[in-house]
Amino acid sequence: MSEMKRLRMLVVGAVALIAALALAACGGDDDVGGGSDEEVTAVEKGPVEGSVSISNWPLYIDKGDAGTVAEFEQATGVDTTYTEDVNDNNEFFGKLRPQLEQGQSGDRSIFVVTDWMAKRMYDLGYLQEFSLEDLPNVEENLRADLREPEFDPERKFSVPWQSGMTGVIVRKDLAPDITSVNDLFDPKYKGKVTMLTEMRDTVPLVMQADGVDPNSASKEDWLEAIDKIEQAAASGQIRDFTGNDYADDLTRGDVVAAIGWSGDAVQLQADNPNIEWRMPDEGCILWSDNMVIPVGAPNPSAALEFMDFVYDPQVQADIAEYVNYVTPVDGVKEILAERDPELANNQLIFPDEEFTADCSIQPTLEGEDEQEIEEAFQQVITG
């Protein structure tokens, strides 16, 4: 065990002990959510009017006067505020949690978070439930493979916004030979690579590159991969840890490669055609982001209407054409085939089994192992 790893383990143990003592003193933090001990709130469909506010990730919807938000406003009369203020799951949750604990949503009607964060928020009592009977487009058009996920098997608190793949985004003019996650550790790219602050993207890719299956990995496997990342960060090999904000560095050429998300690269090509997402030699990580309705959400009825609106295949086709992520809606491929056959055959939107054969679903962590692994990774990315 390296001296760096031994020190980290001592710090993690101390942090865990302090956290455990604090939880014991206050009766536990994760047992109560939403600011009360009452049962989970359920959204009841009502009149669709007024206004709605949505928080989402950057580069994740078609924009402009003919974009989805404008179409929704025209179709429903609902004044819609759409904000791109989700850059990282933990960062967004940390910002909102004080309000969610008080049964407030920060004036948001919908926000979009990844599977594991949606489950965490729900378990804490911070999300409202709803019925798919109130979402006829979702009920009819949601892809079969997304209907019963492990974290929400009845889809009672989450609806997929988009799915995607985590791999490597490269400047092919500056780093044409990068095809593996292990290439990011090559000294010739020192200070020119970034990794994601999203632990469940970055660490599994590093494990996978070293021949470890993320979905059967032990705690020790996770910590070994984190140790490898930590040493690379300490040496200056890794320039930074980012959310979506890797985009500017790639466009400028300050970064030649980044662990990043599949759809982003396609949109960044508009600024620089040398930007390209690559499937790592060892495979990618598969995930979904989900629309959820928080406790205290203003106008949840309009929120439901928006969630259902984007599951109209014609509307979803506009989104898919712009974002180039894996669409969760059946019927989109046929629409895009008429508009642009190249899009209908795009593996980033409609990946086939052969394309994703070596990919892993974003792994699930639980209990004390999750806490220890998260604390270890947070120490790395915060320096």
Quiz item: What number of residues within the stretch 200-232 are among the hydrophobic types (A, V, I, L, M, F, W, C) and either closer than 13 Å to Thr364 by Cα or not in a helix (DSSP H, G or I) (or both)?
Solution: 4
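Here are some residues: Glu354, Glu334, Glu342. Which one is closer than 27 Å to Asp281 by Cβ, assigned to a helix (DSSP H, G or I), among the charged types (D, E, K, R) and not assigned by TED's automatic domain parsing to the domain that holds Pro204? Step through it out loud before you land on a result.
Details: Glu354 fails: assigned to a helix (DSSP H, G or I); Glu334 fails: closer than 27 Å to Asp281 by Cβ.
Residue meeting the stated conditions: Glu342.
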Exercise. Would you please name the residue that is farthest from Ile61 (Cα to Cα), looking only at residues in the stretch 119-145 that are out of contact with any helix residue (DSSP H, G or I) (no Cβ under 9 Å at 6 or more places or on another chain) and in a helix (DSSP H, G or I)?
Key: Asp123
Exercise. Identify the residue in the stretch 345-364 that is aliphatic (A, V, I, L, M) and surrounded by 17 or more Cβ atoms within 10 Å (Cβ to Cβ) and, among all such residues, is farthest from Ala217 (Cα to Cα).
Key: Ile349
Self-check item: Index of the failed condition, Ala297 passing every other in (1) surrounded by 24 or more Cβ atoms within 10 Å (Cβ to Cβ); (2) touching a Cys at 6+ places or on another chain (Cβ under 7 Å)
Solution: (2)
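For (1) at pLDDT below 95; (2) assigned by TED's automatic domain parsing to the domain that holds Gln371; (3) surrounded by fewer than 21 Cβ atoms within 10 Å (Cβ to Cβ), each residue gets a yes or a no:
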site: Met199; (1), (2), (3): no, yes, no
site: Ser218; (1), (2), (3): no, yes, yes
site: Phe241; (1), (2), (3): no, yes, no
site: Asn244; (1), (2), (3): yes, yes, yes
site: Asp248; (1), (2), (3): yes, yes, yes
site: Val255; (1), (2), (3): no, yes, no
site: Gln269; (1), (2), (3): yes, yes, yes
site: Pro280; (1), (2), (3): no, yes, no
Exercise. Have a look at Val206, Val170 and point out the one that is within 19 Å of Thr114 (Cβ to Cβ) and either within 18 Å of the chain's Cα centre (by Cα) or surrounded by 22 or more Cβ atoms within 10 Å (Cβ to Cβ) (or both).
Key: Val206
Quiz item: Does at least one position in the stretch 163-173 carry a residue that is in contact with a strand residue (DSSP E or B) (Cβ under 9 Å, 6 or more places away or on another chain) and farther than 22 Å from Pro273 by Cα?
Solution: yes
Quiz item: Got a sec? Which of Asp240, Asp254 is out of contact with any Ser or Thr (no Cβ under 8 Å at 6 or more places or on another chain) and outside any helix (DSSP H, G or I)?
Solution: Asp254
Practice problem: Please determine, by comparing only the residues of the stretch 50-80 that are at pLDDT below 95 and on the phi > 0 side of the Ramachandran plot, which one is nearest to the chain's Cα centre (by Cα). | Solution: Leu59
Quiz item: Which residue, of Tyr126, Tyr122, Tyr189, is in the same structural domain as Asn274 (by TED's automatic domain parsing), hydroxyl-bearing (Ser, Thr, Tyr) and surrounded by 18 or more Cβ atoms within 10 Å (Cβ to Cβ)?
Solution: Tyr189
Quiz item: Across the stretch 66-105, what is the number of residues that are assigned to a loop (DSSP other than H, G, I, E, B), farther than 23 Å from Phe377 by Cβ and of a type outside the set (Asp, Glu)?
Solution: 8
Practice problem: Using the structure shown, decide if Ser301 is closer than 30 Å to Val48 by Cα, modelled with pLDDT of 95 or more and not aliphatic (A, V, I, L, M). | Solution: yes
Quiz item: Only one of these conditions is not met by Pro160: (1) surrounded by fewer than 20 Cβ atoms within 10 Å (Cβ to Cβ); (2) modelled with pLDDT of 95 or more. Which number is it?
Solution: (1)
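Let me confirm something: among Thr166, Thr179, Thr114, Thr197, which residue is in contact with a Cys (Cβ under 9 Å, 6 or more places away or on another chain) and closer than 23 Å to Ala247 by Cα?
Numbers: Thr179 fails: in contact with a Cys (Cβ under 9 Å, 6 or more places away or on another chain); Thr114 fails: in contact with a Cys (Cβ under 9 Å, 6 or more places away or on another chain); Thr197 fails: in contact with a Cys (Cβ under 9 Å, 6 or more places away or on another chain).
Going through Thr166, Thr179, Thr114, Thr197 in turn, just one is in contact with a Cys (Cβ under 9 Å, 6 or more places away or on another chain) and closer than 23 Å to Ala247 by Cα: Thr166.
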Exercise. Assess whether Pro47 counts as being surrounded by 14 or more Cβ atoms within 10 Å (Cβ to Cβ) and at pLDDT below 95.
Key: no
Practice problem: Check Met291 against each of (1) closer than 20 Å to Ser53 by Cα; (2) touching a Cys at 6+ places or on another chain (Cβ under 9 Å) and name the one condition it does not meet. | Solution: (2)
Quiz item: Can you find even one residue in the stretch 151-158 that is under 15 Å from the mean Cα position of the chain (by Cα) and under 22 Å from Ile61 (Cβ atoms)?
Solution: yes
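The values are calculated or read from the model by the stated rules, or taken from the named source; none is laboratory data. Small disclaimer: the values here were computed from a predicted structure and weren't measured. As a convention, Cβ positions derive from the backbone with ideal geometry for all residues, glycine included, and neighbour counts pool all protein chains shown.
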